[in-house]
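Heads up: the structure comes next, in structure tokens.
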Amino acid sequence: MTNLIEIKGVTHAYRTKAGPLPVLDNLNVSVPEGEFCAVVGPSGCGKSTLTRLVAGLMKPDQGEVWLHGERVTSPRKTVGMAFQNPVLLEWRTIIDNVILPLEIVAPRMPQRDREARAMHLLEMVGLKGFERKRPSELSGGMRQRASLCRSIVHKPDVLIMDEPFGALDAFTREDLWQTMRDLRAAEPFTCVLITHDLRESVFLGDQVIVLSGRPARTQHVLDVTLPADRRIDSLYTPEATEMLHLLREQIRIAQGRDGDLH
Amino acid sequence: METLKKIAVPVGSIIAFLLFWEFIVWVNDWPNYKMASPSDLPPAFARYSHLFIEMGWQTLWRTVAGLGLAVLVGTLLGMAMGFSAIARDALYPLLVGFNAIPKATLVPVIALLFIGQHDFNTVLMAFLISFFPIAVSVGIGLSTLEPEYRDILRSLGASKVTIFRKIALPKTLPEFFGALKVSVTLAFIGTNLVEIVSPHGRGLGALFKSGETNGDYPLMFAVLIALAVLGIVLYYAVVALEKIFAGWAERPQS
């Protein structure tokens, strides 16, 4: 199997008034095609920088990012993005929001086909009947569902998510994990998920990458051994508990608190 | 019932205001060469109705022309300031300084510069006084666009023009219309400033001036009312445009 995403020796620093601020230090990540890669790490360790690099929104100082065997130097149409803020366009209806990427990626696609594609996704995430509403009429969880539909409407090879469920309450978040799992079963895509939630990383991820504190290096890679058809219950099995324990330990090391007694 | 209330309340308040005005004049026993009362106005309108229509139109089209110019130039300046930090740093002090100049002082300057060009002078003043709020609000609207909004399209390789058309422009519309409501009133002030301070016999300002010269107080007050009505009409024209183009920004009433 080929690696769809290949991050090789990426080092990056932001230029600030107080001098360069290194955020990534010789980072290496490989994600095979179709895999779900969850990235966890301490706050401010450069996780969001990683998403922007993969999306081609910025170039690293050193090192290379490869997608599909091509070096990434600028944005490409085969990427989908979702953020913590659903960033829906308030002046468009839900369905028109979902269609937006198609207007850029497939300008010649007939409007009827675009709407059919968007409706198909909205139905899958349980937003049927809300397609003509404005974003301001929907709850936070529903807005994030619409945002997810928008990020995959153009069938991207790679979905990049930067804490997409971070602003939601615990139960809505678990609902959306299951939605995400179902979407992936229906339309396979490779996914990079940035998160602060270890349970989320284990529930959704095929592999979990723990980044060290800033500047971020790959500190640990965990292969999630849960079965493919996971349920929320799967998080309460001994194996899951063991993995969560291990991740917690790694985060503690990443935070530089080796000596602390928990 | 709801619509009746919506009409009855403002109409009632206007009638109450007119009654109060009439009462003040009556109780002080002011003659109409000192202070006109509402009952003096209908005769004044009737006597000079052709002048009101002719001069009202002159004031209206000059104001709208000045406002149109302000929208065009204000939007372009706002775009420059919104997209480029250098343009913002360069333009901002100039604009703030220019805005601080009381515009009445510019009337003689403009009158001397473009001597005899009354229509042009008036439109120019309406423009000069009203472009500032538009430039500032468009500039701020564009420069405070959250980066995520841009990234949704940028990550798909969309061009800057596309991002502006699909995201930045519509997102700035509510701010733009907010500023336009302020600018409408300002443009009116600009037009009348020239018509009154630099008399050339055109517009409602000139009619006001002639009322003053002839000691015709009812006429002067009738002009004030006519100006208020024109102002209201233009204001609500902007509100109607706002409803069409930026109605989405209104919160659903609960």
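Observations on the model:
- In terms of surrounding Cβ atoms within a 10 Å radius of their Cβ, B:T144, A:T93, B:T105 rank from fewest to most as B:T105, B:T144, A:T93.
- Above-threshold pairs, the threshold being 24 Å between Cα atoms, out of B:K6/B:K181; B:K171/B:K243; A:K128/B:K171: A:K128/B:K171
- Computed over chain A, the percent of Cα pairs more than 25 Å apart is 46.
- By average C-beta atoms within 10 angstrom, highest first, the peptides A:76-85, B:50-59, A:137-146: A:76-85, A:137-146, B:50-59
- Calculated FRET value between B:T185 and B:A16, using beta carbons and R₀ = 22 Å, to 0.05: 0.40
- Per residue, the convex hull around the alpha carbon atoms of segment B:41-247 comes to 125 Å³.
- Taken as Cα centroids, segment A:1-34 and segment B:70-145 sit 46 Å apart, rounded to the nearest whole angstrom.
- Pairwise centroid distance, computed over Cα atoms, of segment A:134-186 with segment B:162-201, Å: 41
- Backbone amide hydrogens, once placed in the peptide plane, bring A:A216 within less than 5 Å of A:L24, A:D25, excluding anything fewer than 5 places away on its chain.
- Listed from fewest to most Cβ neighbours within 10 Å, the set B:E250, A:E64, B:E2, A:E6 follows the order B:E2, B:E250, A:E64, A:E6.
- Trypsin sites (Lys or Arg not before Pro) restricted to DSSP loop in segment B:31-104 with at most 13 other C-beta within 10 Å: B:K34
- Model label sites at B:N214 and B:F45, defined 7 Å from Cα along the beta-carbon direction, differ in position by 1.9 nm.
- Label-reachable residues, segment B:56-85, where backbone N falls under 14 Å from a point 7 Å from B:F98's Cα toward its Cβ: B:69-81
- Under-5 Å amide H pairs with A:A13, H placed in peptide plane, nonlocal only: A:V23, A:D61
- Residue among B:V182, B:V197, B:V109 with the largest mean-square fluctuation in a Gaussian network model of chain B, springs linking Cα atoms under 10 Å: B:V109
- Placing dummy labels 7 Å off each Cα toward the beta-carbon, the span from B:A85 to A:A116 is 4.9 nm.
- Karplus (6.51, -1.76, 1.60) ³J(HN,Hα), θ = phi - 60°, over segment A:66-72, in Hz, Gly and Pro reported as x: 10, 10, 6, x, 10, 6, 7
- Within segment B:41-247: Cβ-based charge dipole about Cα centre, in debye rounded to nearest 20 (Lys, Arg +1; Asp, Glu -1): 400
- FRET efficiency, 1/(1 + (r/R0)^6) with R0 22 Å, evaluated for B:E146 and A:S139 via beta carbons: 0.60
- Evaluating 6.51 cos²θ - 1.76 cosθ + 1.60 at θ = phi - 60° for every residue in segment A:31-41, the Karplus couplings come out as 10, x, 4, x, 8, 10, 10, 9, 10, 10, x Hz, glycine and proline recorded as x.
- Mean residue ellipticity, 222 nm, helices only, chain B: the sum of -39500 (n - 2.57) across DSSP H runs of n ≥ 4, divided by residue count and rounded to 500, is -27000 deg cm²/dmol.
- Summary of the geometry: segment B:1-32 and segment A:42-87, compared by the centres of their Cα atoms, lie 65 Å apart.
- Nonlocal amide H pairs with A:L211, under 5 Å, H built at 1.01 Å: A:V40, A:G41, A:Q219
- Reachable aspartates and glutamates from B:K160, criterion Cα separation under 16 angstrom, eight or more residues apart if same chain: A:E103, B:E146, B:E148, B:D151
- Karplus-based coupling profile of segment A:209-222, in residue order and whole Hz: 9, 9, 8, 6, x, 4, x, 6, 10, 6, 9, 7, 10, 10, with θ = phi - 60° in 6.51 cos²θ - 1.76 cosθ + 1.60 and x standing for Gly or Pro.
- Neighbour-count ranking [beta-carbon atoms within 10 angstrom, fewest first] of B:R154, A:R231: A:R231, B:R154
- Placing pseudo-labels 7 Å out from each Cα toward the beta carbon at B:I53 and B:K243 gives an inter-label distance of 2.8 nm.
Taken together, the values in this text are just the output of simple stated rules run on the coordinates, not laboratory data. Quick caveat: nothing in here was measured; it's all calculated off a predicted structure. Here Cβ is always computed from backbone atoms with ideal geometry, including for glycine, and neighbour counts include all displayed protein chains.
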